[in-house]
1. Roughly what angle does helix 7-18 make with the longest principal axis of the chain, taking Cα atoms, 0 to 90 degrees, to the nearest 10?
2. When the chain is fully extended, how far beyond the present Cα-Cα distance does Ser353 get from Arg182, taking 0.36 nm per residue of separation?
3. What is the sum of charges, Lys and Arg at +1 and Asp and Glu at -1, for the other residues whose Cβ falls under 13 Å from the Cβ of Gln75?
4. Kindly state, to the nearest 0.05, the FRET efficiency for Asp127 paired with Glu387, given R0 = 56 Å and r defined as their beta-carbon distance.
5. Report the full-extension gain for the segment Gln306 to Lys423: residue separation times 0.36 nm, less the Cα-Cα distance, to one decimal in nm.
6. Decide, for the chain, between rounded, prolate and oblate: order the square roots of the alpha carbon gyration tensor eigenvalues as a ≥ b ≥ c, take rounded if a/c falls under 1.5, and otherwise choose prolate if a/b is larger than b/c, else oblate.
7. By the gyration tensor of its Cα atoms, with a ≥ b ≥ c the square roots of the eigenvalues, what is the shape of the stretch 389-429: rounded for a/c under 1.5, prolate for a/b over b/c, or oblate?
8. Considering only DSSP states other than H, G, I, E and B, which trypsin sites (Lys or Arg not before Pro) in the stretch 266-320 qualify as loop sites with at most 16 other Cβ atoms within 10 Å?
Amino acid sequence: MRRPSIALALAALFAALLLPAQPAGATPVQGYLPWSILLCKFADRPAEPRPPSYFEELFLPVGRGGHGVYDFIEQQSRGRATTAGSVVKGWYTMPYTWQQSKDASRFERIDQCVRTVKAAGYTPPADHRVAVMLNDGNIDSGGDGFQRVVLDANGWRSGLAAHELMHAHGLSDGSSNDLSYRNSDWAAPGQYDDPWDIMSADAHYAATWTEKFGKGMIGLNGPRLDEVGWLPQSRATTVGQDGRTSATHQLAPLERQDLPGLLMLRIPFDAHDLNHYYTVEFRKKTGMSAGIPRDTVLIHEVDKGQPILQRDLSNREPLQAVNANGVSIRVDAVTADSATVTVTTNMPGKCVSGYVYRLAVPEDRVCVTPETRTQTARDNEDASVWEDDTGDCILNRTRRLAVPGDSVCVTQSTRLKVISDNKTAASRINPTKHFYGPNTCKGDYIWRVADDSDLVCVTRATYDQTLADNQAAASRWVNGPWGPQSCVYGYVWREAFIGDKVCVTGAVRAQAREDNRTAGDRVDPPWD
């Protein structure tokens, strides 16, 4: 999270040419997340402050229960993702001094270690992200924007490591609406000002300090969990999608998903940009959030993928009410196990993007194209021109009947257009019906749905194959060396996510892993 090197911007211009193909970033993240953890020493500083086993315990399954990165991924993903398959390599001595590394861009600093490791005989596999550990401090810790991170000796803390690794999976820094907050002289206003989120780096509320890994971790906030696909979709709702303009909701804590209630509300408010919305979540002072001051409700404004914590600017406490953008959010009560929140929104009555109210009469709320509304207004202005002295339509014109009692005379083609618009009215009202969250698929891709939380975007053929394999699951299980869900001969577990034990062919499993790897390339929101 330290100040980015100025040269990093220049290095990034050439990065696509210098690097092999990299795993896609961000949404969603599940299955195996392999890393190559590379330990590099400076030419003039030979000390090895920690043995390789330290980094294995920090990042790999061998460290389970030690409050390291493996535990973070397992707990936050609900067991759907794992760093299993990662490796630690080193120590390697680089032909670069401490000063030469410090003077380099972050991109080059990471590359110095990678080149050294390759020359010694290890090349990180194409599906691995890379984390470089440097054997001294006061250099740099952060990511280079290409699924590679570096931690100097001052950065070997579980909280910072989890923060930087999630950067490599596509998440941005935390932020708030308090633009008077400056984390450092180089940070942007409001940057790192969401201490309920690991993406605020060392500014977060740490749950557990350990002698081995130092400042501990906190989880991701609600919109982050939603973005990486770690929020159960059955427990997140889009307010207004059911047509109601006002409702009271019960929220369970993100930290206690065993309790009843929703885990997050999404509240879109911009009909022309559904990627601009509020979220509401309830946080409890327990588990990975044991370091927060108290149980509280958090409201974020999400703008093109960036969650912005909404603070009361008079005291910097999290806002407990919002009344803006046609939305009212009010926290009614907070108890030990739940929070109740009432939300009112005008979105169900708005037209979807590209349409406007027809306004044949003032109360007409059928949504039509702007051209149709212009024609409707013109017909209203000319109404008397097309009537005879008895009020009947002339010159083959007919009553428009956009709504009951509408007697404006229009052409036959306009009347047919009115009938068509009235029939399709329901599909053009309430933009929230077309909001699917940050994992909306591009083009012809659709969610794979290996289970009800699987939001990886795939082809229709892969979706059909997934459905067929799910339906055949029981017929392919036998009691065997891996228990009652061992696969019959010729089949293997699909592992679309960790714990997915549907038995499939080897080719289908390989496709599932490839779909996971390229997931971030197939989502529609413009920030991916």
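1. Long axis of 7-18 versus the principal axis of the chain: about 90 degrees.
2. On the way: separation 171, 0.36 × 171 = 61.56 nm, distance 3.68 nm.
Difference between extended and current length: 57.9 nm.
3. With Lys, Arg at +1 and Asp, Glu at -1, the neighbours total +1.
4. Working: r = 73 Å, r/R0 = 1.30.
Taking R0 as 56 Å, the efficiency between Asp127 and Glu387 is 0.15.
5. On the way: separation 117, 0.36 × 117 = 42.12 nm, distance 3.79 nm.
My answer for the length gained is 38.3 nm.
6. Numbers: a/c = 2.11, a/b = 1.83, b/c = 1.15.
The shape class here is prolate.
7. Details: a/c = 5.21, a/b = 2.11, b/c = 2.47.
Verdict is oblate for the stretch 389-429.
8. Values: sites: Arg266, Arg283, Lys284, Lys285, Arg294, Lys304, Arg311, Arg316; in loops: Lys284, Lys285, Arg294, Lys304, Arg316.
Within the stretch 266-320, the qualifying trypsin sites (Lys or Arg not before Pro) (loop, at most 16 other Cβ atoms within 10 Å) are Lys285, Arg294, Lys304, Arg316.
Where a number appears in this text, it was derived from the coordinates with a stated rule and is not lab data. Not measured: the values here are computed from a predicted model. Cβ atoms come from the backbone with ideal geometry, glycine included; neighbour counts cover every protein chain shown.
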